[in-house]
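The values are calculated or read from the model by the stated rules, or taken from the named source; none is laboratory data. All values derive from a computational prediction rather than experimental measurement. Here the Cβ positions follow ideal geometry from the backbone for every residue, glycine too, while neighbour counts run over all protein chains shown.
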Amino acid sequence: MATYKIRLKSRNEAASGTMAFHFEKPNGFAFEPGQCGDFTLPNPPQNDAEGNKRSFSLASAPYEDDLFITTRMRDTAFKRSLKIVALGTEFDLEAPWGELTLHSDTRIPAVFLTGGIGITPVRSIVLQATHDRLAHPLFLFYSNRTPKDAAFLDELTSAQRQNPNFTLTATMTEANNTQWSGETGYIDEAMLKRHLPDLMHPIYYLTGPPEMVAAMQKLLKNAGVKETNIRAEEFSGY
């Protein structure tokens, strides 16, 4: 795994309490959709016990010009520093790493069960698959409290229009008093059965907070899905 020097290009709000940070992509840098990197800010303006290095999934797809990450803005020195350092600030990037990448057999559907900031590697996978016109059947179940909390929802909705093999099911757990006409409530077996032709055949990709990943693992195992068909990545302390 190589180390690269990268510079911060821009930042913007991706959802309520969530920010995206765009970096220059180093020459020759290649990665697979769904992979991660370790980002170090060498001389942060603020420090705490958690240090100046963080691991992030790459939210960008390989075909895109920038590298970018997206994160919930917890009150830590590192994330406060991300918000205030000057554009052009240099970071060290150790990447790529991670194995939460799309399987190669196009006959087997991929089902992504995710919530909140767990969407970051899924965005990369879905947008690259759409760009490359891959034949994989892709199903995304994306859970948030309200639409304003759902990063990339518009992009994913657009990808569904472009990609006949991609089905997006977004669900809101606190949709009261919001203009939302889609699914509501938590992802459960009944919801999966409403949108999937078969529960046993797909490979499942679980991303998000540890408690959600654990709940989805339990759901799938109780439904009879083989453990070999379940791949998981937890986002602790995001």
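Every residue in region 210-226 that is outside any loop (DSSP other than H, G, I, E, B) and either of a type in the set (Asp, Glu) or more than 16 Å from Met191 (Cα to Cα) (or both), please.
Of everything in region 210-226, those that are outside any loop (DSSP other than H, G, I, E, B) and either of a type in the set (Asp, Glu) or more than 16 Å from Met191 (Cα to Cα) (or both) turn out to be Pro210, Glu211, Val213, Ala214.
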For this session: Only one of these is under 29 Å from Glu189 (Cα atoms), surrounded by fewer than 19 Cβ atoms within 10 Å (Cβ to Cβ) and among the charged types (D, E, K, R): Arg107, Arg74. Name it.
Result: Arg107
Problem set entry | Selected residue (only one of Leu220, Leu206 is closer than 17 Å to Gly116 by Cα and either assigned by TED's automatic domain parsing to the domain that holds Gln35 or within 22 Å of the chain's Cα centre (by Cα) (or both)) | Leu206
Problem set entry | Unique match (being of a type in the set (Gly, Ala, Ser), crowded, with 17+ Cβ neighbours inside 10 Å and in a loop (DSSP other than H, G, I, E, B)) among Ala86, Ala30, Ala49, Ala59 | Ala59
Exercise. List pairs: first in region 74-92 and free of Cβ contacts under 8 Å to residues at least 12 places away in the same chain, second among the polar types (S, T, N, Q), Cβ under 9 Å, 6+ apart or cross-chain?
Worked result: Lys79/Thr71
Exercise. Looking only at helices (runs of 4 or more DSSP H) that fall completely inside region 93-202, which ones have 2 or more residues that are more than 24 Å from Ala214 (Cβ to Cβ)?
Worked result: 119-132, 153-162
For this session: Scan region 166-182 for residues that are more than 15 Å from Asp149 (Cα to Cα) and touching a Lys or Arg at 6+ places or on another chain (Cβ under 9 Å) and report the count.
Result: 1
For this session: Select from region 179-190 the residues that are aliphatic (A, V, I, L, M) and either touching a Ser or Thr at 6+ places or on another chain (Cβ under 7 Å) or not assigned by TED's automatic domain parsing to the domain that holds Leu168 (or both) and list them in ascending order.
Result: Ile187
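For region 1-16, which residues satisfy the criterion of being out of contact with any Asp or Glu (no Cβ under 7 Å at 6 or more places or on another chain) and either among the hydrophobic types (A, V, I, L, M, F, W, C) or exposed (fewer than 15 other Cβ atoms within 10 Å of the Cβ) (or both)?
Hits for region 1-16 are Ala2, Leu8, Ser10, Asn12, Glu13, Ala14.
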